Structures are given as structure tokens and as C-alpha cells.
1. Can you tell me which residue among B:VAL116, B:VAL165, B:VAL110, B:VAL138 is in contact with a Leu (Cβ under 6 Å, 6 or more places away or on another chain) and at pLDDT 90 or above?
2. Restricting attention to segment B:171-186, does a residue exist that is in contact (Cβ under 8 Å) with a residue 24 or more places away in the chain, part of a helix (DSSP H, G or I) and over 14 Å from the mean Cα position of the chain (by Cα)?
3. For segment A:271-360, list the helices (runs of 4 or more DSSP H) that sit wholly inside it and hold at least 3 residues that are surrounded by 14 or more Cβ atoms within 10 Å (Cβ to Cβ), in contact with a His (Cβ under 7 Å, 6 or more places away or on another chain) and away from every other protein chain (no Cβ under 12 Å); which are they?
4. In this structure, does B:PRO153 turn out to be surrounded by fewer than 23 Cβ atoms within 10 Å (Cβ to Cβ), modelled with pLDDT of 90 or more and under 16 Å from the mean Cα position of the chain (by Cα)?
5. Say whether the condition of being under 14 Å from B:ALA167 (Cα atoms) and either assigned by TED's automatic domain parsing to the domain that holds B:GLU37 or among the aromatic types (Phe, Trp, Tyr) (or both) is met by at least one residue in segment B:213-224.
6. Of the conditions (1) on the phi > 0 side of the Ramachandran plot; (2) over 19 Å from the mean Cα position of the chain (by Cα); (3) among the hydrophobic types (A, V, I, L, M, F, W, C), B:VAL110 clears all except one; give me its number.
7. Please pick out the residue among A:VAL388, A:VAL381, A:VAL395, A:VAL311 that is at pLDDT 90 or above and among the aliphatic types (A, V, I, L, M).
8. Of the numbered conditions (1) of a type in the set (A, V, I, L, M, F, W, C); (2) at pLDDT below 90; (3) touching an Asp or Glu at 6+ places or on another chain (Cβ under 6 Å), B:ALA327 satisfies every one except a single condition; which is it?
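The values are calculated or read from the model by the stated rules, or taken from the named source; none is laboratory data. Note that the coordinates shown come from a computational prediction; the quantities given were computed from them, not determined experimentally. Quick reminder, even Gly has a Cβ in these numbers, built from the backbone with ideal geometry, and neighbours come from all protein chains shown.
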Amino acid sequence: MNGGRWRDGWRELRRYPSALVGMVIIAALVGLSLYTVVAIPYPEALDKWRGGEPWRLHPVNAGPAWADRLSGGRQARTLIVGRGAEVEEAPFAGGRRLRMALAFDYDFDGFPSEINLFLRAEGHEQRPFARLLWQAPDGREISLGGHRIGREDRVSISQDRALERRLGGRVPHIGLLAEPDGEAMPRVQKGRHVLLLDAVVFDDRAGIDAELVLYGRVHGIAGTDHQRRDLRLALLWGTPVALAFGLLAAVGTTVTTLVIAAVGVWYRGWIDAVIQRLTEVNMILPVLPILVMVGTLYSTSIWLMLGVVVVLGIFSASIKMYRAMLLPIREAPYIEAAQAYGASNLRIVMRYMIPRILPVLIPTFVTLIPTFVFLEASLAVLGLGDPVLPTWGKVLNDAQSQSALYNGYYYWVVSPAVLLMLTGLGFAMLGFALDRVFNPRLRSL
Amino acid sequence: MSEPTLLRVADLALHYRTRRGVVRAVDGVGFDLRRNEALVVLGESGCGKSSLARALMRVLPRNVQHTGGRVMLGETEVTALPDERFRREVQWSRMALVMQASMNALNPVVRVGEQVAEPLRVLRGWSRRRALERAAEVFGLVGVSTDFLSRYPFELSGGMRQRAVLAMALVAEPELVILDEPTSALDVLTQAGIMNALKRIKREQGTSFILITHDVATSSELADRVALMYAGQFVEVADADAFFSRPAHPYSRMLMASVPRLRQRSRPEAIPGQPPNLFDPPSGCRFAARCPHRFARCAHDPEAIRLGERHRVRCWLHDESTRRGGA
Amino acid sequence: MAQAVFHREPAEAPLLAVHDLHTWFELRQWGFLRVGAVHAVDGVSFTLARGEAVAFVGESGCGKSSLARTLLGLHRPTRGEVRFDGGSLGDLDAGGLKAYRARVGYVQQDPYGALPPFLDVGRILAEPLIIHGVKARAERERRIRAVLEEVRLSPAEEYLTKFPHMLSGGQQQRVVIARALILAPALLIADEPVSMLDASVRIEILDLLRGIQASRGLTLAFITHDLSTVRHFAERIFVMYAGRVVESAAVDALLDHPQHPYTQALLAAIADPDAANATRQREVPGGEPPSLIHPPAGCRFHPRCPHAMAGLCDHDEPPDFEPRRRHLSACWLHR
């Protein structure tokens, strides 16, 4: 209904580089959100973020791969050996002997962070028995002992204290791959390592399956956390959650506040007085402690939090601001004219008063979005994040509880923080430019 | 009878930079003003008359793109003074400005008397007491009871506030007072009262005035001379009786015909058309588009043509060659 | 011509009859304690015939704008009655008031402020039609074009999509007038319709209003402070002072033979362009208009009146005298 002014506004907005940068950032965040919700559907994301089995092949607390590449090093990536390895069979009375060689070329400069062997045996009445032998490229053979294999079994080679002693006090994932020169700083023995699996099964048909995992020191674009979860998931899903929370909270509070302020200004008298008093009481209510209380006593669901934020935001201080903006408009001759030609109260409030200040509100609205994004993140950092949703704030909360910075897992803190800052920056840059375009007071002639 | 010349203005220009382009609000204005003379600058809104006051008093907004011209006040070349000296030596003490709607610009929390006395204390370093005594004197001059010295602005009616602002302009006994629409927001009776006060001050104090207004009737209340401004230029400058009885420029004549008169039955006539915008004023005569006497020569910018000793008009109709050719 | 309308036979019922109208604004402390009232309109009676153009003249604060707003139904009268076309304004319910508003047009002082800056001209003119249930788009379009032509904004297409700030002051006021006319009112109230416009545009707008009034047979009520424009644009004048009508008569009678001392003072204060003015002091009554919270007893002009008679003017309210035929003046001098 107001095409001309908006068109002019847009034309003018394009002249501000900060607006363009802000819009590019916002567009990127929106694009990322769309990609995320399509690529990783919501139920899948929730399921994965619960942790456990889906992540067994991921390293613990691995840094992002690009950081390693930047520093020029060749830290260990995760190696998974065993899928489809050849099996030698030798039957004997009452069973068979299965020999499997899990061979791999180790070419990284650093050691892996952990070594696990996953064994699976199917359809056995009696559990098979396996003996493990590690063959280093220089011909050394190190026995890793014997294991009875259950249906799903994990051999934590890194945790084997006896092996550690035999390797001269080096933890196995270093000792097994190091040059045996006994120097203080172990060096990687590059070349072909083989883990020989010599198993005895007491069954005709069934076989066993083995998977050797050498967990890397770096993983993917975002690294992993203490539960082996890929942080990429949380960083990706944090984007739509943050934008949705910020946008819904900003829309919810702005619209309700605006309408209430306009109603108060229009009707005056006791209605306005009640709104004013409610606002004054609400202004001294501490929002964060109330949210903490709700979160602690009731639920930390993000949608509940959104609701509480909006409800507390309805009678916020911005009512005073809108009121101050609307008061002179109430006295504008065009409002009186509208009354004189029979416009109803509702029409005057919605069609004549509110549209008048919308252009001035848009910048405020845009800059309001990131404050709610930050609020949501702050709640999550305080441990009041949504229990099931992966969000930026949750990542920060985990990082804090795991003393990430103390342990040198900078990426765990930096990447969500950078995304939060980018969000703030994008909206702020656009908001300030919009303010210059739409706010007549800031205009130079 | 001829008093010495107080103010000489030549080629005064003030251009603003706006987002739509450069506005030539004052575009080459020149005039002389004698001591104890009142010049009325008459013009419609947007003709540049307020900018003229701003340019003379250096009360300039930030978006000024160009100022030019020469202003001589007595023997002082005002335009050559640096800002600081202008403020110290000319503003208030020799030339004072009453801006449009300045009666609403009084400080609401300072007593009126103090505000009127303020220029003396700042410029001349007078004591509070001495300055207040002078303020009381000036209050008498503008017709405000001295009881009002200790009142706050909100306790005064619009007319009284306007008189107080006038007192502030007069307090340092300037030679020239510039009044920008001093009565346009006031009621008829209040207006007449203030014009009475101005006439008395001019007679008794020998002050010179430049009165800026859009109201032809008000202008005749004080004018010794009238300058009619149109689209940033003076189109006619004349003594008041010449202007009101024998206006020369077609615009002057049409303007006089458009004024509704209480005591005459002739019906006022509207001036068709609109003033040109000052972003891109037409070349040639700026009034040509609305002028019933337009002819070929109007495509060229008319010079100021002398009609009498102190009567100038910017219109080719009055050029010797035109008159000879037309006759 | 003006007189012809004024001397219309009184047999025809008037369009508007106002009797003893009071509009007071209560002053309250802390929102409920009544501490007084502003007597903005304080006992005004008059009738307006159909097709008549009248002017209410007075200084700011004389109650002329409050009177206009009361007639528009924007203020509720404290006392007294307004009868429009036979019906009483006080008896109207919400629907009736809405219908009444369609029959009374309103032109305001500040043309830019009177137009919502965020709507284009087409939409501004459509609003009253939408509110009054003209649903068919084509019908609305037709009426908008017709009214734009009527206020000489043609071709209409050129103005429909313009926003108010793109128009000159005179064009804006034409849009305001078009909006006031679009519901085909019987009464048009114009509150200082030209005081914010340039001198050269004023006459155009007044001519336009007068022309529309004549062609549509409207009743036109001008509210103005400017007596000099009244002669050509109204047939009757009501002079108001401190909430009362102090004098009323046909235009020429009132301007040429003012009866009330206030009217005389007002006329004496108005200058016609003349170089001799510069050397002439004008007669101006001392003092200022009285407080409307505590209006003076008796005649409200007596504290400023050069002819005030002690014991009478400061004690008894003067009734309307008729010193000349059809010329009313509320002053004891006519006793």
C-alpha cells in the first residue's frame, strides 16, 4: 500500500556498503539454515545429537581439519581398517580357524588420538576367541593378547595398561606407531602396519567382523566434542534455531508491544494508565533470573523460553518509546480527519497510527533480532538450553563444562562464538543502515 | 533628510547542498539600507527570504554548499571578518536577528529577564545586576511590564514571549535588527500591538530594520522600502509608497491584486502557476512562466533596471529599448 | 447574489440548528479529581440554511475550532443541542453518528498534516468510501476520479499514485477538499483552510471552495482568523470571543458597520497594504483574551473594552441586541 516509500528506501539502502555486507551475511545465514533443514532433517538432527552409537567412529575432541591444514602440519585423520578385509579359513574338528590381516599405510606426521578395535561375531553359540598381533613396518611383532568376542565388542587398545607397560610406558596409540628408539619425543614410524587377527570359532557357518579404528587428531570442518559428536551438526542446526528464535521473539514482542502502545495512546484514560503501570512494573522485573527460574523449575524447552521471552517483552520499556512516538501522531490532523469521516477506533489504530511509525521501527526491529539470538545463547550457556536441540549456546555450554579453553580446544568456543558474532554483525550493519534511511532525524538534508 | 547608508549588500549568495541537488536559495541579492530605515523583504515561502537573513547573520546550517557576496555594515566589511570576530563584534551588538518562531525557542527553565540580559553579560561582561537593569529598560521599550522579568517563558502568552524575544534582540542596542516573520503565528490584535511597538522603537531609537514576511499587509506596517523576492532574487526594490501604489514588476502587481483587502470590494485574484523549484531555476526571467506579459526577451536573465533614484526592477518591460520598441 | 441566499424564506427548515451549545473540557488532577473546566464553547446558538456560506471569525482560543469539532461530532457537547437536518446529534447511536459523519465534510488547516503521509492520493480518497461500505472497486474509482476533477487535479491519473509529499501545498489542500467531498456531504466545515498556504495560493483555494459550494449547493462553514478574506467567500459572519458569538450579520453589514466593540477593535487592527501604515499607530485594546477556565463575569470583553460601563458590563451578561436589521450584537451599548 506504500510502494513508493519502500521503493525509495530500497534504492537508498543500496548506497550503503554496510547494508550490503549485512544483507550478504544475513543471506548466507538464511541459506545455511535452509541447507541445514533440508540436508539434516529435524528428527535426524535430534536423534544424532543425543550421542552414542552414531558417533563411535568419530574421535574425541578432535580439532577442525582446516586448522591443521593452515598450520601446514599433517595431523592424523581417522583411519578405519577392516571393512572387507580378506579372511583365511582353516577348518578343524569342532570349529574353524579364521585369520584376518587388517593392514594400513600410516603416512601422517602425528599420532592418532585413540585406537579401538570393533569386533562382531554373529550366530555363535559359543563365543569365539581371537588373538591379536601388531606387525610394524620394521618387522617388530607386538602381541596385543587374546579376547573372547561377544556379539558387539569393543577392544579399547588405547586403554590396555599391560600393553602400555610393554611399550615402555607409552600409551598404545603412540607406542604401537612409534619408532622404537626410546627417545623422549616419539617419532611416527611411517609405512605399512598390520594387525593380525587370529580367531577360533566354534561354529560352521557364522563369521566374524573386525574394524580397526585409528582415531584422528582432527575431524571435518568443525571438529568433535567430548562425546565424539561432530560439532558441524550443532553449528549447522544452531543457525536455523537462532534465526527462528530471534525472528519470532522480535516479531512477537514488537507486534504485541506496538499494538498495546497504540491502543493505550489512542484510548488514553484508564486504559493507558493500566498499560503504563504494567510496563513500569515489568521494567523492574529481572528477565534473566525469571528465565532461569522457569528453566530450572519447569522446562527448558526452547519454545517455552520463546513464549516467556515474548510475554515478558510485551510490556517492555519499548512501550514507552513507541508511546512517545505515537503521542504526536495521535494529535496529527489526518487522524482527526479519519475520525471525522467515520473511521472506527480499530481502523485508526491499525491503519493510521501504526503504519506511520513502521519505517522508523524497522531498523529497531532488525537490531532487536540478534539480541534475542544472544539471549537464547546466554540461556544455553547457563545450562538452560533446550535439552534436545543442538544450538550454538549448547556447544558453548559443553565447551565450558569441559574446560575447553583450558584444554586447548579453542575451536569448540571460537566457532559458535564467531557464528554468534556474525549474526549480530549482519543484523547490526543492516539495522544501522536502515536507521539512516528511514529515520528522518538522522538524515542530512 | 537623507540618512547615511548603514548596510550595503552586493551579490549575496547562499546555496545549499541537498540530496536532490544544489538549492540556490539566495542567488545574487544586492541592496542598500540607510540608518533608521526599515526594509521589508516580501516573498512567498521558499523564495529564499529566510536564507537571506541567515546569510546576513551567518546562522548557517551544515549543508551550505556556497556562500558569496559582500556585506558592508557601516565601514566594516562584515563578510571579511573571521567567524570569531563576527560573533564578538557584530552579532547582537551591531546586528541582531529574531528568527522565525523564536518565541518558542526560549529556554523554558530560565527566567525571561535573565535570558534577555544574557547577551550583555556574555558580550560586554556586564554584572548580572547591570544587565538586568538594562533588560528592564528594554522591556519597557517593547511594551512588556517589568514584572515579567522574573517569570518563566511558559507563564507568558505568545505575544508577550514574542516581545521578550524582541527585547533580547534590542538589548545590546544594535544598529540593525533583522526580523524573520515576527508576527505570523500571532493573532490579529497581538500582531498589531507588536507592529506598534516596532514603529515606536524605530522612531525613538533610530534602529534600522529588515523585516522578512510573506504578508503584504503586515509589510506595509513598517516599511520605508520594500524588496520583493522571487526564486532567490530580488525582482523589485522600491520605496514603500512607490511599491504599494505603483508596483512595476508584473509579479508585484499580481501579488498586490491577490491580497484580500478589508476595506475594498474588489475581488482578490489568484496568481496562476507555481514558483519554480530552486534546484534548477529556469534560465532567463524566473517569473516568465507565470507572467501574462511574457515576450521573447524574457528568455534572457533581466538586469536590475532603474526606474527612479531608489527604484529597481528586474523586468525587461521597463528597459528603455523595449519601451521604445513597444511604443 | 450572496444576499439572495441569506434572505431565503425561513419557511424552509435549516440544515443545522445549534441551540445553547456548550463544549467544556474538564481539567482533572491525577486523572479523576475534577478541578475545573475550560469553557471552550460557552453558550452558542445559530442556524445555518441549506446552501449558505458562513464564516466564524475570532482569535486563537475564542472557541471557533472547538465549535467546529463539536459540530463534527469529535467532541461531545457538555450542554445544548445540535440539530442536523431535523435530527438531534445527541440522539445518534454509533451507526447514526457514522452516517452523520458522511454528511459533514471537514477541511483542516494544515494540508500536509491532514493527509496520511504513507498513503497515496488514490488510497487516501478511497478510505472514506471503504469505511462507508462502497465495496465495488470500479465505483470507488469512478467517484475518486470525479472528485479529483472537481477540485481541478486533472488529469486524475497523474495524482492517483502520488504521495502527499510530492504535491505542493495548494495541491495537498485540494486533495484534502476532495476527501471532504467524496462522501457527498451536505455541510462542509473548513477550519482555517488557507492560513498555512502562500498568499498566491490562498485565493485559488478559496475560489475553489466557494465554487464547489455554489455548484453543489453545500452549506459551508469557514472558521478563520482573517477577516480580510471573508468578504468574498462568505455570506454571513459570526464573530466569536471567549467561547461566545458576540456579533453576527451579513458580510457587508458587519464589515462596513461593525457594532460590537470587539469587532470594531479587530477591524481596526487589520491593515490593508498602504505605505501610510508605517507612520500610523493602530488602536489596539490593552490586555489579552480572558482565561477560559474562569471567564470574567458579565460581558467577556469588558476588561478590555473602551466603552465598558461599570456595574453593568462587569456584572450582567449582555443578551443579543438587534441594533440593525438582521444584525445581532451582544453588547449593552445597544440597550
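1. B:VAL138
2. No, because not a single residue in segment B:171-186 is in contact (Cβ under 8 Å) with a residue 24 or more places away in the chain, part of a helix (DSSP H, G or I) and over 14 Å from the mean Cα position of the chain (by Cα).
3. Here the list is empty.
4. no
5. No, the conditions are met nowhere in segment B:213-224.
6. That leaves (1) as the condition not met.
7. None of the other options fit; the residue is A:VAL395.
8. Every condition holds for B:ALA327 apart from (3).
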